[in-house]
1. Leaving out ligands and nucleic acids, and using a 1.4 Å probe, what accessible area per residue does the chain come to in Å²?
2. Please report Rg over Rh for the chain, where both radii come from the alpha carbon positions and Rh follows the Kirkwood definition.
3. Magnitude of the Cβ-charge dipole of the chain, K/R +1 and D/E -1, about the Cα centre, nearest 20 debye?
4. Using 7 Å Cα-to-Cβ label points, what is the T36/L49 separation (nm, one decimal)?
5. I'd like the carbon and sulfur percentage of the solvent accessible area for the chain, probe radius 1.4 Å, heavy atoms only, ligands and nucleic acids excluded.
Amino acid sequence: MSSPAPSAPPQRLLLSVAEVAAELGCGRDTVYALLTSGALPSVRLGGRLRRIRRADLNRYVDSLAESTPSR
């Protein structure tokens, strides 16, 4: 009898700036620029801890496809 395949761990709902940078393939400075411009919303946990909701990151990425003209 074979054991069931391991399932992927659930995706985290809140991501750090470094995690967002890694997912987008850019630097942390670029992520901070997106946050400052309002293009990518964030939430604060406690005093200074900034996190980006995965839903907001997905919405931002989807907006890139909508704003890029097709060839």
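1. Working: 5540 Å² over 71 residues.
Spelled out: the 1.4 Å probe surface of the chain, per residue, equals 78 Å².
2. With Rh from the inverse mean 1/r over Cα pairs, Rg/Rh is 1.13.
3. 280
4. According to this spin-label approximation, the distance is 2.5 nm.
5. Working: 3030 of 5540 Å².
Ligands and nucleic acids excluded, carbon and sulfur give 55 percent.
The values are calculated or read from the model by the stated rules, or taken from the named source; none is laboratory data. The structure displayed is predicted, hence computed values, not measured ones. So basically every Cβ, Gly included, is an ideal-geometry build from the backbone, and we count neighbours across all protein chains shown. With ligands, DNA and RNA removed, areas are computed over all heavy atoms of the protein, side chains included. Shrake-Rupley method; radii C 1.70, N 1.55, O 1.52, S 1.80 Å.
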